[in-house]
Structures are given as structure tokens and as C-alpha cells.
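Below: one structure, written as C-alpha cells.
The values are calculated or read from the model by the stated rules, or taken from the named source; none is laboratory data. Everything numeric in this text was worked out from a predicted model, so none of it was measured. Using ideal geometry, Cβ is built from the backbone for each residue, glycine included, and neighbour counts are taken over all protein chains shown. In case anyone asks, the SASA skips ligands and DNA or RNA and just uses the protein heavy atoms, side chains included. Shrake-Rupley method; radii C 1.70, N 1.55, O 1.52, S 1.80 Å.
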Amino acid sequence: MATRTPSRSYDSILKLLLVGDSGVGKSCLLLRFVEDKFNPSFITTIGIDFKIRTIEIDGKRIKLQVWDTAGQERFRTITTAYYRGATGIILVYDVTDARTFENVRNWFETVNQHANDDTQLILVGNKNDEVDLRAVTSEQGSDLAKELGIPFLEASAKTNDNVNKLFFELASIILEKNKNNEALTGNNNSGGVNVNAASTKSSSNCC
Amino acid sequence: MQRNKTEPSNTVPTPHGKLVTDEYQEDETLKLLPVPKENDINSQREELVKEQVSIDPLSEPTRTPNRSKFSVTSDSLDIIKVDVPRLLLSPLFTSQSIQDDIVQILYNYDHSYTSYRQGYHELCGLIYLVLHEDSDDETSSLISRSDFNKEVFTTMINFIGPIVSQFYIEDSILGWSVSIFNRNLLLVDYPLYELLLKYHHIETQIWVIRWVRLILLRELGLQNSTRFVDFMWSYDSDITKLMSYIIIILLIRIKLSLVECEDSGEVLYLLLHYPYIEYSDSDICQMIEFAIQMDQCHGDEKKLKEVGVQCNKWFHKGFKWEKVKDLGKLRLELKLKRRVRGVLGGSK
């Protein structure tokens, strides 16, 4: 069960980031996940885009803030602000473009430089519907993920294959990790993970 | 934006701080370089793989003399080729030949000026579109395709120079966000500044980068954005001059929605999905008028605050904005009003 509009009540907030080369389909994955739509020609992301979807896991409402980053913004100090407080990062490549797969290692390094140590990563090979154009096998993806020590799956924003699974699985891993980590379960705004935070912010004066 | 609207300035600043004289723009012998074929790029790439480097090339995002110019251009060309088919400003750009033209113009800009950055393609598309629409049937039959592309290229050099130096260079955009935008917001509308930066802790550069890099195209839509740019360009050939004030005015327009947001995520969502409306000419004139008034305050705190209050009153009537110092209180009032309206509506 899930809602597709910004919701006003939730048990936890998770900030997730989509990163990867330009054109691998980050924005399409996000659009499919949040609005259940697919558009083959999608405008280039400049800076970031941002969408919200609230999902339910084990009876808890989890508000996912998903940040979609521009593929060219890899080395910029401005990206530090994007990574701040991210609890999960989705590394995306295009299974029809070997160069985007080769660049996963660079993205992995960049992410490790900027993200918190406990940020959960997941590797995703998008466009798995393009059987005839495939340039990266599932085994290659799986082997790389094992080497990097992160989960892996292939997905297709076009056919909606594994898109929900991707986000639910990542959110579940983060929640599970944080159950066992008391340090991250408090009302911790600065560290990023704010799992089990108060359900809604009070209406106290802001100024 | 109109064809040959402004006198070209004598010099066009480049992001690297060098100045390019306008002789280049007026050079009738100017010839756009052809885009290299895929095979040429691949053969060069193989050579590049073998090249020894003394520094980690991944740590250096900008072009340096140590790097092969071709390597940068070929990498840029890949991204240009990914971006141009995603240029959706107009159905015009679905034409393969026009896409090829845009690729060639961007490739030449990358080659002669600065490495391609995502966003240049939309600025180039905007210029292409405006010049295309401006050329009536009579003139278009006289202008060859290559001459038209040259015109787009030279207009692009003139037009995007200040935008690139201010908003695409990383240190500049960070500096602009903090030293210019935040400061102006603080002076024009302190409660709004406090709401965004102190209460929600939203760093300006995160959301403003798209607003400024695409000169409000995504926020206002093509028609509105073009009209704003026209006004800004009429005021000063450096259109970045009024940009911070225009954005502040646009924020004031959605101030009540910003106030009502429950958390920083909702605020950021709103900032990145700016509510679209079609503006009338008089709306735009008034907003530009406010921006010019702000610019002409020359940093005078009292005057800026006064213009800010006027602007708030123009958008949101029925509030004594000069007395509103606490947007938290305002949020409670708005909530209460909404509930009362709900109760009254339900009881009818």
C-alpha cells in the first residue's frame, strides 16, 4: 500500500539519492516509482530534482525523499550538499551502455568520499527490457556488486520491472540496519538518518 | 529576446577570466567546425587510454593545459549527444537535422570557449528558437542553414557569457548564492530568509542552481521565461544583474505556500516544482519594476525592506506585511483559517 502524493503524516523519513552517468535513466526510474509513468524522452536533470512518495513497510509509513541528481555533477563541491544526510544511494548504470557500467566504480568512489559511512548503497542496471541492445550481462552486474559489497538488481523504468522492488528493498535494508543501531534511531537531524522520528513536526513558531 | 536586440559589448567575459573581443563575433569568415565522426573519436580514445598522467584526471573537473583538448571535447560531445535529443523546448527540436545543428553549435562552443555543461543545450535551444521565430519567410530564404547556425553561435557567445561565468562556474554559483542571493533575500524579506535558511536549513545553491542556470525556463515555462529575459536584457545586457531580485519576487509570490509546508522536504519540493501560471504583461512589468526598484536601492537596507513589503502586499492582499515578523505565527493563522473554512463549508 502506498500513496503517491506528498503526505503529511509518516513515521520515518529516508533521504535517497539516485546517481549515475547521464542518460542511464535515473529520472525515469524516479518518475516510474513516484508517478507510475514512463516517458522515453525525458528532459535533462539540471542540479537536482526531487520527488516524495510515502510507502508502508511493516505497518510503518516511510516518507521517501528521493533526490535525482544530474549525471554531469560528479566532482562538484556543490554535490556535497546533495549527499548530506542521505541514508541510501542508488548507483544506476544502463545495461545497454558498457561505458556507464565502467563508470560505476568512479561513482562508487565519489559516493564514498561524500556520503556517511553508514549510507546504504545499491547497484541497479536499468533498461533490462532492451534485450537486443544489452552490452552488460546480469552476471557482470552481480559480480561488480559483490566486489563492492552492495546489493544488486536489474530494472526497467519502461516496463516497470523491479522498480518498486528497488526502492522497497533499499528502504527495508536501511530500516533493518537502523533497528540494530541505536545511535541512529534518535531524533538526529544532522546525521541524516532520522528513522523513528516524531510523526509530524510540531507547529512551533519558526522565527 | 529579439534578434540583434542589443549592441554587442566590446568584450565578452569567459568563465576562465579571459576576455574575448567581439572581433570574433563579427568575423564573416567564421566557420563552425564539423562534429567529429564516431570513428575518429574512438581512435583518439584508444590513444588516450594509453596515456600516462601525473595527476588523477578524475579529480580535475575543468579543462587544464595538461589534458588533451580532444579528450575533453570528445567526452563533452558524448554528453551533448545525450542531451540534445532531450531538448524538449519545442517540437522543432525533434527534427534530426536541427538536432545536428544544435550539436554542432554546442560542440563549437565547447571547443572555443568552455567545456560543455548540462544546461547549455537549453540556452542554445532557446536562442535557436527565438532566432528561428524571428526570421520570417523572406529572410529565412535568404539565410543559409550554416549562416543561421553561425548567428545562433555568435548570439550564444554574447548572451550566455555572463550566465556561464556567474552560474556555471562552481565557485561563482556558490559565492552568488551566499553573498548575493542570501544577502538580498535577508534585506528584502527577512522572515522569508529566516524560514528557508534558519528554520528549514535549506541551502540556497541546492535548488537555485536550476533556476539560474536555465534562466527560469523550468520554473516559468518557455513563454514566461522569454518575456522575463527580454525585460532583464533590456535593463542590462548582463541579465544576471536582476536575477536574484526576480527570484526573490517569485518566492514572495508563493510565500503562503512556503509558510504552510510542514517540513523542509515539502519546501524543497515546492522550490523544485514551482507552481506554473501564465503571467499577463502587466504582471511581468510590475514584477520587473519591483526588481529594478530593488536593484536601484544599491543595498540600502531600509529601502530594500520597503520595496519588499510593497511586493508582499501586491501579491498577498489583506495582510499587514510591514508588521509580520514571525512566519510561524502566520502559519498557525493560516491553519486556523483553513480549519474554520472547512468547518463552515461542512456545516452548509
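Going by average Cβ density within 10 Å per residue, which order do the peptides B:93-102, B:222-231, B:278-287 take, highest to lowest?
With the highest mean Cβ count within 10 Å placed first, the list reads B:222-231, B:93-102, B:278-287.
Which lysines, if any, have their Cα less than 21 Å from the Cα of B:K320, not counting same-chain residues under 8 positions apart?
Once the sequence-local lysines are set aside, what remains near B:K320 is B:K255, B:K302, B:K303, B:K305, B:K329, B:K335, B:K337.
List, in order, the whole-Hz ³J(HN,Hα) value for each residue of the range B:286-299 obtained from phi through the Karplus relation with A = 6.51, B = -1.76, C = 1.60 and θ = phi - 60°; use x for Gly and Pro.
Going residue by residue, I get 5, 5, 5, 4, 4, 4, 5, 4, 4, 4, 7, 6, 6, x Hz, with x marking Gly and Pro.
Would you tell me the mean number of C-beta atoms belonging to other protein chains that fall within 10 Å of each C-beta in B:268-279, as a whole number?
The shielding value for this peptide is 2.
If amide hydrogens are placed 1.01 Å from N in the peptide plane, which non-local residues have theirs closer than 5 Å to the one on A:E56?
HN-HN under 5 Å from A:E56: A:I62.
If you wrap a convex hull around the C-alpha atoms of the range A:56-161 and split its volume per residue, what is the figure in Å³?
124
For A:V95, what is the net charge nearby, where nearby means another residue's Cβ is under 10 Å from its Cβ and Lys, Arg count +1, Asp, Glu -1?
Surrounding charge for A:V95 is -3.
If you take the accessible area of B alone, add that of A alone, and subtract the area of the pair, what total do you get in Å², probe 1.4 Å, to the nearest 100?
Chains B and A together bury approximately 4200 Å².
Once amide H atoms are built 1.01 Å from N in the peptide plane, which residues 5 or more positions from A:I89, or in another chain, come under 5 Å H to H?
Residues meeting the amide H criterion: A:L17, A:Q120, A:L121, A:I122.
How much accessible surface area, in Å² rounded to 10, belongs to the heavy atoms of B:K320 with a 1.4 Å probe?
140
Once phi is turned into θ = phi - 60°, what whole-Hz ³J(HN,Hα) does the Karplus curve with 6.51, -1.76 and 1.60 give for every residue of the range A:38-49, x standing for Gly and Pro?
Coupling constants for the range A:38-49: 9, 10, x, 9, 10, 4, 5, 6, 10, x, 9, 10 Hz.
Return the equivalent ellipsoid semi-axes of the range B:272-340 as a descending list in whole Å, where each equals the square root of 5 times an eigenvalue of the C-alpha gyration tensor.
That gives 25, 19, 10 Å for the three semi-axes.
When ranked by the protection proxy of mean other Cβ atoms within 10 Å per residue, highest first, what sequence do the peptides B:326-333, A:50-57 form?
Descending mean neighbour count gives A:50-57, B:326-333.
Roughly how crowded by other chains is peptide A:62-72, in terms of the mean Cβ count from those chains within 10 Å of each of its Cβ atoms?
What the average comes to for A:62-72 is 3.
For B:T94 and B:Q286, FRET efficiency with R0 = 35 Å and r from the beta-carbon atoms, rounded to 0.05?
0.45
What FRET efficiency would be calculated for the residue pair B:E306, B:V340, taking the C-beta separation as r and a Förster radius of 22 Å, to the nearest 0.05?
0.10
Starting at the first residue of the range A:31-36, write each ³J(HN,Hα) from the Karplus equation 6.51 cos²θ - 1.76 cosθ + 1.60 with θ = phi - 60°, in whole Hz, x for Gly and Pro.
4, 5, 5, 8, 10, 6
Got a sec? Charge dipole of the range B:170-347, +1 on Cβ for Lys and Arg, -1 for Asp and Glu; which of B:N182, B:V267, B:Y235 is way out at the positive end?
Result: B:V267.
If you average 1/r over every pair of different alpha-carbon atoms in the range B:170-347 and take one over that average, what Kirkwood value in Å do you get?
Averaging 1/r across every pair of different Cα atoms and inverting gives 16.9 Å.
Could you pull out every residue, at least 5 positions away or on a different chain, whose amide H is within less than 5 Å of the one on A:A70? Hs are placed 1.01 Å off N in the peptide plane, and Pro or chain starts have none.
A:G47
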